[in-house]
Amino acid sequence: MSAYDPSSREPDQLRDQLRRLFRHRAVIAAGLLLGAACGGAVSTVGGADYTATGEVVVQAISTAPFEAGGVSADKQISMGTERQVARSATVAGRAAEELGEGADPAQLQRGLRVSNPPDTHILEFEYTADSPQAAAERVNAFVRAYLDHREAAVVRRIDNTVAELNEELQPLIEQREELDEKIAGASTESARQTAESERANLTARIADLQGRVTGLKTLDTSPGDVVRRGEAPEAPSGPGIAVLVPVGAVAGLAGGLLAAWIRSLLDPRARSAGEVRTALRAPVLGTLPPRRDGAGILEVGPSHGGERAEEFRTIALRTLRHPRLAEPGGLLVVSAREHPGTLPAAVNLAAALAETGRDVLLVEADPRTPRLAGELPVRGTVREPVPGRWPDGARATVDAGTAGYLELVPGCRVPDAARALNSPGFTGLLSGAAERGEYVVAVTAPLLSHADGTAVAGLARGVLVVCDPDTTLRDDLDRVRDLVTSVGGHVLGAVLYEGGRKRRRGPSPTAPAEPAPPAGGAGTDRFGTGTGDGPGPGGTGEDTVALKRLEPEPSEARPDTAYGSYGRYRRTGDGTAPRP
């Protein structure tokens, strides 16, 4: 799969999204705990609910003439209608009358649920109450109320039908009595036979009606049978605390993840190296671990190694491998806003460059709050600049321990900072670095706080941006790049400070190896890399170059060995010509 294929970046993008989410672990944990607490509160405040169940088999009772007539029971009973009747206000009223104590039918209906299993004539009555006894009593009351209501309806219909049949039967009986009198007083045989024929037909009709009345009066009016009485349940029917707490925790976790995702989207800070790289459109050259307590500003050289010193050496080597700094030139170290690591980054980067045998000039281009001269191990006295003509004449030599020596142009308070940073003397320091064959590392005030850095960025061959992803805004990094490119500068990369974040450490270095004497001619530095004109293989990439930490033999006085005095000699072919 090609590295330029967007699908090949999907795992990295997913990991980046997860890292963004888990930066807000407090929000996720708060959501989880809040959800669990809400689940426990619902279980405690809501109380336990108990559900009792009763079942009734509904029997088919047809309307008049009350015979099935060969029709199946499924056609005689509508279970949907019976379910609605069981939930009706009339049945609830009957149940309230049976329970007594002024029970409200509408209130009773809220806890009732009636269902009908498919392909059955069974009605399931379920009642939910706050106690097992109440649930059982009320479900049984509804079962009896339903059966009583259905039976009363059937009896009422039977009585109405019997009354109608009796009304129809009474005139026929009276007419039969009249025919009996007519037959008894008939004068002719023909009249008597006619009356007897009418009486026979009338008697048949009367017998039919009487049979129907008798059938109705002997009809079984039972509406159904109770197949399961409601009993007091032994356990609550609703979810208990063992269920509500995990469910609440899951819901809270989902809410916490959503809140963390929204917060990560709205977070203006550049919280990762990838976001810094995207904002600056330049690689991250190194990430510095937290500073040790009591460590001085100069760590490359006096500290005899250490994780931060090795990281500064890595940053220096990667800077040298950039095409713009393959030859000596100016380098600006600056931050977007005020950052305490800007000066240490510039100082140690200059020391790491000096350690490779380059001629290095460190320039404190801060005409407002200069302080390097008082914090660095300066040899001798610092030459003060000519009044009003900084940086002319202001020079000092810094003893960087095993890294050698480097020149320092300390800052000086001047009334007009813009004039000083645009003076011919200062411009010549950076623009003439290639002619002098030295690397000039300049450090100035924050780029977005003062215009000093903008003036210097146009003179330097490259700019290194120092930032802490936890506090630096992405918009600030965008503005830094825009300012640097607007004056013709170039952002080489970024140097990140981890702050208080935990950093994954690699294996500790083993015992230091014996240093090898420098080679002449082509010249190899203490990192074992060539010092030719151009960058080495892979020098312009973003891969960190592995470096070996070399330390001198401990002694009271540092001898001028190949390692201890490496920065004291100009590289003139055999590496032995001392610095003037």
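The values are calculated or read from the model by the stated rules, or taken from the named source; none is laboratory data. Bear in mind the structure is a predicted one, so any value in this text is a computation, not a measurement. Don't worry about glycine lacking a Cβ; one is built from the backbone with ideal geometry, like all the others, and counts go over all protein chains shown.
Counting only helices (runs of 4 or more DSSP H) that sit completely within the stretch 1-88, those holding 3 or more residues that are under 30 Å from the mean Cα position of the chain (by Cα) and at pLDDT 75 or above correspond to 10-22, 25-46. Being within 21 Å of Glu438 (Cα to Cα), surrounded by 24 or more Cβ atoms within 10 Å (Cβ to Cβ) and not basic (Lys, Arg) is true of Leu349.
Selection within the stretch 300-316: residues that are modelled with pLDDT of 90 or more and closer than 20 Å to Val276 by Cβ. The member of this set that is surrounded by the most Cβ atoms within 10 Å (Cβ to Cβ) is Ala316. For the structure I just gave you, tell me whether Val456 is among the β-branched types (Val, Ile, Thr), in a helix (DSSP H, G or I), in contact (Cβ under 8 Å) with a residue 60 or more places away in the chain and in contact with a helix residue (DSSP H, G or I) (Cβ under 7 Å, 6 or more places away or on another chain). Considered against the rule, which asks whether it is among the β-branched types (Val, Ile, Thr), in a helix (DSSP H, G or I), in contact (Cβ under 8 Å) with a residue 60 or more places away in the chain and in contact with a helix residue (DSSP H, G or I) (Cβ under 7 Å, 6 or more places away or on another chain), Val456 comes out as yes.
Being within 35 Å of the chain's Cα centre (by Cα) and either buried (at least 17 other Cβ atoms within 10 Å of the Cβ) or in a helix (DSSP H, G or I) (or both): is that true of Ala282 here? So Ala282 passes the test. Residues that are among the polar types (S, T, N, Q) and at pLDDT below 85 are absent from the stretch 336-343 altogether. Of the conditions (1) assigned to a loop (DSSP other than H, G, I, E, B); (2) among the charged types (D, E, K, R); (3) exposed (fewer than 14 other Cβ atoms within 10 Å of the Cβ), Glu231 satisfies every one except a single condition; which number is it? Result: Glu231 fails condition (3) only. Applying the condition of being of a type outside the set (A, V, I, L, M) and at pLDDT below 90 to the stretch 444-453 and asking which residue is surrounded by the most Cβ atoms within 10 Å (Cβ to Cβ) yields Gly453.
Of all residues assigned to the stretch 214-221, at least one qualifies as being closer than 30 Å to Glu151 by Cα, in the same structural domain as Ala60 (by TED's automatic domain parsing), free of Cβ contacts under 8 Å to residues at least 40 places away in the same chain and not in a loop (DSSP other than H, G, I, E, B). Within the stretch 164-171, at least one residue is surrounded by fewer than 17 Cβ atoms within 10 Å (Cβ to Cβ) and within 30 Å of Met79 (Cα to Cα).
When residues in the stretch 413-443 are screened for being assigned to a loop (DSSP other than H, G, I, E, B) and either of a type in the set (Asp, Glu) or surrounded by fewer than 19 Cβ atoms within 10 Å (Cβ to Cβ) (or both), 7 of them pass.
Thr402: farther than 20 Å from Gly330 by Cα, in contact with a helix residue (DSSP H, G or I) (Cβ under 8 Å, 6 or more places away or on another chain), surrounded by 24 or more Cβ atoms within 10 Å (Cβ to Cβ) and not aliphatic (A, V, I, L, M), yes or no? Spelling it out, Thr402 is indeed farther than 20 Å from Gly330 by Cα, in contact with a helix residue (DSSP H, G or I) (Cβ under 8 Å, 6 or more places away or on another chain), surrounded by 24 or more Cβ atoms within 10 Å (Cβ to Cβ) and not aliphatic (A, V, I, L, M). Within the stretch 121-139, the residues that satisfy the criterion of being aliphatic (A, V, I, L, M), touching an Asp or Glu at 6+ places or on another chain (Cβ under 8 Å) and either farther than 17 Å from Val227 by Cα or assigned to a strand (DSSP E or B) (or both) are Ile122, Leu123, Ala129.
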